[in-house]
Each structure stands twice: as structure tokens, then as C-alpha cells.
Amino acid sequence: MAEAITQPMAKRSASSFADYAPTYGAAAALVLLILANVVLTPNFADVDNFRNILVQVTPTMLVAIGMTFVIATGGIDLSVGSLMAIASAVAAVSLDYGAYPAMLAALVVVTLIGAFNGWLISTFKIQPIIVTLAILIAGRGVAQVISNGGQLIPFSNPSFEFWGKDSLFGILPVPILVMAVIIGLAIFILRATIFGRHVIAVGGNENAARLSGISVNRTKIMVYALSGLLAGIAGLIYTARLGASDASQVGQTIELDAIAATVVGGTALTGGRATVIGTVIGALIMQIITTSFNMNGIKFSYALVIKAAIILFVVYLQRPKSH
């Protein structure tokens, strides 16, 4: 009897370690990356530099958290960069009505587009990569049309710019505060809500989830809507920090960093396993690579190669094991 009890416990322990091993590995890589830069990169350890890293990573972090929920269901969202651009353009051209109505309008638009992605995917059984790639292409065009052919739209609106430039008590930048709140909410939703359990169940086994009474279609629509909402918030923060809307540049290639951050942190590309904390670690790794390259005068193109290599390596580690 003792052996019968011990064996399942041992299996559970081994399974638990296997589930979290990628996140532990990412955390170790982050620590090593920071230590290497403290030694090799001048001024890297300055408090201002760390604060700047956190501000710069905020858009990627928010998009990556949305991506975590999408990938947890076995999907992918390539449209997030274009949704950032749409949110930026909608807010910029609507500022005459006030900062907060403009921001709300932008978030409603991109959330609905995200829900539309989920509806197409779940209703017509189209591959997520196809749907979101189409929205990636069309969405960038829509953003450029909204902004009069992709023209730069500068503005001066303290209420809007507060979300990208101001600090609380002169210490804590507002983007970092927003990021921290959303990270906390995402962890709670994924770990402690029925919706979070449904997300994991759909990604783990869609047919079993459907047979158990879970509305698979509704769950997918909700995760893509959430991804759109977080991309919109990221776009607004980026725009507020820049003090202008540039529909041609906002969100360019951010989907790559978001996907990389998600998978590096331990969320399985096949779905059914997700970790927000791992995504946070992954996003920091992506940002520190970019920052350290910039601070050392190394071309950004090399950083892209490193990030691509990291993605391929992690995908290789997540490949199905042959028995």
C-alpha cells in the first residue's frame, strides 16, 4: 500500500518539475544575462537604466501576456502589432473628444477585432496563424488609413501622455505600475478563475474540454479579445510615451518578441500549459538582449538573430519526444 501511494506522488513530483523546468531555466538565464551585463556593459547596473528597461519592456510584456492566454489554448496571434497601430491611430485622431473617450474608443475597437479573430478561428475552424496573419496585414493598412495615409500625428495632451511619461511621486513610472497591475491580474485569472481553467483545458485537449461542458468557441473568442485588449493598452502606452502616433511603426515586429517571451518562459506552443511568471521572465530576457546590444554599440540586426536562435532552440526543446 505504501508503494502504491508513493509511486503516484513521485510521478506527480516528476511531472510538476517537468512542467516548471523551462521557467526555472529561463529564470537562471535571466540572472546570468543580468550578471554578464553588470560586468561587461558600462552603466548597466545604474538604477535609471533598470527603470528604463522596465519602461521599455512594458508594451512587449503586455502583448506577451495576451499571447500567453492565446498560446495556452493552442493558438497564435500574429495581429497584435497591427492592433497596437490601430489603437494608436484611433486614439490620436479622437483626442479632440478628450483623452479618456479617445483611449476607450481605441480599446473597444481592438478588443472587438481580437474577438473577431477568435470568432473566425472557432466558428470556421480556420488555422489561427492564417486568420491573424490576414489581420496583421489588413490591420496595418487600416491603421494607416485612419491616420491619413500613415502620416505621423503629433499631439500635446497631458491627460493622455500621463500614461506614458509621468511617474508617481517622481519615482515609479506609470507604465511600470500599469504593467505590474496587469501581471497580477493575469496571474490571478490563469490560476484562480474558472476562465483560467477553461483556457488550459481547451489547450490540453479541445475535444475532452467540449465533452466536459466547456464552451470552446466562447473561450477562444475571449482569449483573442483579451489579446486584442492588451495589445491596445500596449499601443496606447507606447503612443503616450512617444507623444505621437506613427501607424507605420507602432508595434512593428512586436509579435515576434511576444511569442519568444511566451515560449522562452515555459508556455507550451502546443497548448495546455501556461505560466505568466515565465512570460514576464521571457519578456525581460528579450528586452535586456536589445538593451545590452544598444549599450555596447552592436547592431540591432544581431539582436534579432539571437532572438530567432532562442526561439528555435526553445521550440526544439518542446518538440514531441519519441518513445
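Kirkwood radius, region 32-104, all distinct C-alpha pairs, inverse of mean reciprocal distance: 15.3 Å. Computed from point charges on the beta carbon alone (+1 for Lys and Arg, -1 for Asp and Glu), the dipole magnitude for region 131-211 about its Cα centre is near 240 Debye. Under the convention that each Lys and Arg Cβ holds +1 and each Asp and Glu Cβ holds -1, the size of the dipole of the chain around its Cα centre is about 840 debye. Cα centroids of region 91-118 and region 156-174: 20 Å apart. Between the helical axis of 276-295 and the dominant principal axis of the chain, each derived from Cα atoms, what acute angle in degrees is found, rounded to the nearest 10? Rounded to the nearest ten degrees, it is 50.
Between 0 and 90 degrees, the angle of helix 254-264 with respect to the longest Cα principal axis of the chain falls at about 20 degrees. Helical content alone sets the calculated 222 nm signal of the chain at -26000 deg cm²/dmol, taking -39,500 (n - 2.57) per DSSP H segment of four or more residues and averaging over every residue.
Of the residues ILE176, ILE194, ILE288, the one that moves most in a GNM of the chain with alpha-carbon contacts below 10 Å is ILE194.
Distance between the 7 Å Cα→Cβ label points at LEU269 and ASN205: 2.4 nm. Near the amide H of SER167, within less than 5 Å, lie the amide hydrogens of VAL174, all on another chain or at least 5 residues away, with H placed in the peptide plane.
Using θ = phi - 60° in the Karplus curve 6.51 cos²θ - 1.76 cosθ + 1.60, the 3J(HN,Hα) couplings for region 302-309 round to 5, 4, 4, 5, 4, 5, 4, 5 Hz; x is entered for Gly and Pro.
Residues whose amide H falls under 5 Å from that of GLY265, counting only those 5 or more places apart or on a different chain, are GLY282, with hydrogens built in the peptide plane. The C-alpha atoms of the chain occupy a region whose extents along the principal axes are 72, 52, 37 Å, arranged from largest to smallest. Here the Karplus curve 6.51 cos²θ - 1.76 cosθ + 1.60, taken at θ = phi - 60°, turns the phi angles of region 23-29 into couplings of 5, 4, x, 5, 5, 5, 5 Hz, with x standing for Gly and Pro. Please work out the FRET efficiency for the pair LEU317 and THR253, using the Cβ-Cβ distance as r and a Förster radius of 25 Å; give the result to the nearest 0.05. Given R0 = 25 Å and the Cβ-Cβ separation, E is 0.60.
Ranking LEU83, GLY196, GLY114 by how far each Cα lies toward the positive end of the dipole of the chain (charges on Cβ) leaves GLY196 at the top. When the Cα positions of LEU317, THR58, ILE259 are compared along the charge dipole of region 57-317, LEU317 comes out farthest toward the positive end, with charges on each C-beta of Lys, Arg, Asp and Glu. Comparing ILE221, ILE153, ILE298 in a Gaussian network model of the chain where C-alpha atoms under 10 Å apart are linked, the largest mean-square fluctuation is found at ILE298.
Other residues lying with their Cβ under 12 Å from the Cβ of THR219 contribute a combined charge of +3, Lys and Arg counting +1, Asp and Glu -1.
Where does helix 216-242 land angle-wise versus the long Cα axis of the chain, in degrees 0 to 90, nearest 10? It is inclined by approximately 40 degrees. Quick check: Cα centre of region 253-294 to Cα centre of region 22-43, how many Å? Value for the Cα centre distance between the two parts: 14 Å.
Going through region 264-323, which trypsin sites (Lys or Arg not before Pro) have at most 16 other Cβ atoms within 10 Å and a DSSP loop state? Here the sparse-neighbourhood loop sites are LYS299, LYS321. Sparse packing (at most 16 other Cβ atoms within 10 Å of the Cβ) combined with a DSSP loop state is found for the following chymotrypsin sites (Phe, Trp or Tyr not before Pro) in region 167-226: PHE169.
Every number in this text was worked out from the coordinates using simple rules, so none of it is lab data. Treat the numbers as computed from the prediction; the structure is a model and nothing was measured. A quick note on method: Cβ atoms are made from the backbone with ideal geometry, for glycine too, and the neighbour counts reach across all protein chains shown.
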